[in-house]
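Just below is one structure, and these are the notes that go with it.
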Amino acid sequence: MGSVRVGGREVGDGAPCWVVAELGQNHNGDVGLALRMIDAAKAAGADAVKFQKREVDLAVPDAQRGALRSTPWGVMSYLNYRHRLELGRDDYDAIDAHCRSVGIPWFASVWDEASLEFLVGRYRLPAIKVPSACLTDLPLLRHCRATGRPIVMSTGMSTLDEIERACHVLGTPGTQDRLGDIMISAAPLLLMHCRSTYPAAYPELNLLAIRSLRELYGVPVGYSGHEVGLWTTLCAVALGACAVERHFTLDRAMWGTDQAASVEPRGLEQLVRQIRHFEQARGDGRIGPTESEAPVRARLRRIT
């Protein structure tokens, strides 16, 4: 299935599973809380943390802007609520400095071209995330590809035709295409099988799609999970997911639409530990006794 190099490490081709703590907007617009979440994700064993970046005035549809929302900060329009959750330049500067100081990479989902330009123009991110909601935004995909950064793309709520079109825009591995007056290489691509419901129900997860995507596109495939519990994410790794992403929070009882589908620090630590144990137990598939079985074999085998 190949691999993608993200921030100095290989993802895919038998490398250890890349575990991403999706902080998203569970920080509720509080950069101090975001920094504490980074520390907790690092302590739990996450390999990277991820945020979401929007230009709110571009991302919120006109029909939703004036809708009233009851929030911890009072009743406000949905547009003002989304502004309240969004982190600014100084916040991201603090996040970037903090992640470098504690030694964990960060990146973000980009919901529009302005957010993409802000992030890649200011920070040395190891990857760009295309959220499921933007998989059909082909101009955004072209601009993501033009950055030359590895692209992580979730496939939630997408038809096979839509995924095919998005992958075509991002390019076939090893090829080049013309973008305006320049030739650009195909984007290093990591697909993430996903279900865009919060929380996602077990009968809808369809974890075997991880194998299907890998066979169809020949790229590394991971899993972005929104379900309650950990065992299905471990099953995804057993089925070949080379990366996993789970929403992360310090407290699932906090305000926010993603909190209930998130894992807390102890849960993330448990998930990372289970994944690493599975990787040890998976082995290489070769048949034969182990070195530790030799004395048992010598004692118990009567006929050899």
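A few points about this structure:
Conditions tested, residue by residue: (1) touching a helix residue (DSSP H, G or I) at 6+ places or on another chain (Cβ under 6 Å); (2) part of a loop (DSSP other than H, G, I, E, B); (3) surrounded by fewer than 18 Cβ atoms within 10 Å (Cβ to Cβ).
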{"position": "L33", "(1), (2), (3)": "no, no, yes"}
{"position": "D39", "(1), (2), (3)": "no, no, yes"}
{"position": "A43", "(1), (2), (3)": "no, no, yes"}
{"position": "Q52", "(1), (2), (3)": "no, no, no"}
{"position": "D57", "(1), (2), (3)": "no, no, yes"}
{"position": "A63", "(1), (2), (3)": "no, no, yes"}
{"position": "R69", "(1), (2), (3)": "yes, no, yes"}
{"position": "D90", "(1), (2), (3)": "no, no, yes"}
{"position": "D93", "(1), (2), (3)": "no, no, yes"}
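- Those residues of the stretch 272-304 which are hydrophobic (A, V, I, L, M, F, W, C) and within 13 Å of A238 (Cα to Cα), in sequence order: I275, F278, A281
- Filtering R65, R84 for residues that are closer than 30 Å to R266 by Cβ, modelled with pLDDT under 95 and basic (K, R) leaves a single hit, R84.
Let's see how each residue does on (1) modelled with pLDDT of 95 or more; (2) part of a strand (DSSP E or B); (3) under 20 Å from the mean Cα position of the chain (by Cα); (4) under 22 Å from H247 (Cβ atoms):
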site	(1), (2), (3), (4)
K129	yes, yes, yes, yes
M153	yes, yes, yes, yes
G156	yes, no, yes, yes
D161	yes, no, no, no
T172	no, no, no, no
R178	no, yes, no, no
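- Within the stretch 228-247, considering residues that are aliphatic (A, V, I, L, M) and part of a strand (DSSP E or B), the one surrounded by the fewest Cβ atoms within 10 Å (Cβ to Cβ): V244
- Residues (more than 20 Å from the chain's Cα centre (by Cα), in a loop (DSSP other than H, G, I, E, B) and charged (D, E, K, R)) located in the stretch 252-288: D284, R286
- Of all residues assigned to the stretch 258-269, at least one qualifies as being surrounded by 18 or more Cβ atoms within 10 Å (Cβ to Cβ), more than 14 Å from Y202 (Cα to Cα) and among the β-branched types (V, I, T).
- S115 among the hydroxyl-bearing types (S, T, Y), part of a helix (DSSP H, G or I) and either surrounded by fewer than 20 Cβ atoms within 10 Å (Cβ to Cβ) or out of contact with any Gly (no Cβ under 6 Å at 6 or more places or on another chain) (or both): yes
- Cβ pairs under 8 Å, 6+ apart, first in the stretch 134-148 and over 15 Å from E55 (Cβ atoms) and at pLDDT below 95, second among the hydroxyl-bearing types (S, T, Y) and not in a helix (DSSP H, G or I): G148/S185
- Pairs with Cβ under 9 Å, 6+ apart, first in the stretch 53-77 and closer than 24 Å to D137 by Cβ, second assigned to a loop (DSSP other than H, G, I, E, B) and of a type in the set (V, I, T): R54/V60
- Test: residue in the stretch 217-227 that is loosely packed, with under 14 Cβ neighbours inside 10 Å, closer than 30 Å to G171 by Cα and touching a Lys or Arg at 6+ places or on another chain (Cβ under 6 Å): no
- Meets criteria (within 27 Å of H27 (Cβ to Cβ), surrounded by fewer than 20 Cβ atoms within 10 Å (Cβ to Cβ) and not small (G, A, S)) for T290: no
- Residues being at positive phi and part of a strand (DSSP E or B) - total across the stretch 17-31: 1
- Hits in the stretch 194-203 (condition: surrounded by fewer than 12 Cβ atoms within 10 Å (Cβ to Cβ) and either under 19 Å from E22 (Cβ atoms) or touching a residue at least 24 places away in the same chain (Cβ under 8 Å) (or both)): A201
- D96 satisfies every condition listed in (1) under 28 Å from R165 (Cα atoms); (2) more than 17 Å from the chain's Cα centre (by Cα) except (1).
The values are calculated or read from the model by the stated rules, or taken from the named source; none is laboratory data. Just so it is clear, the model here is predicted, and its values are computed rather than measured. All Cβ positions, even for glycine, are placed from backbone atoms using ideal geometry, and neighbour counts span all protein chains on display.
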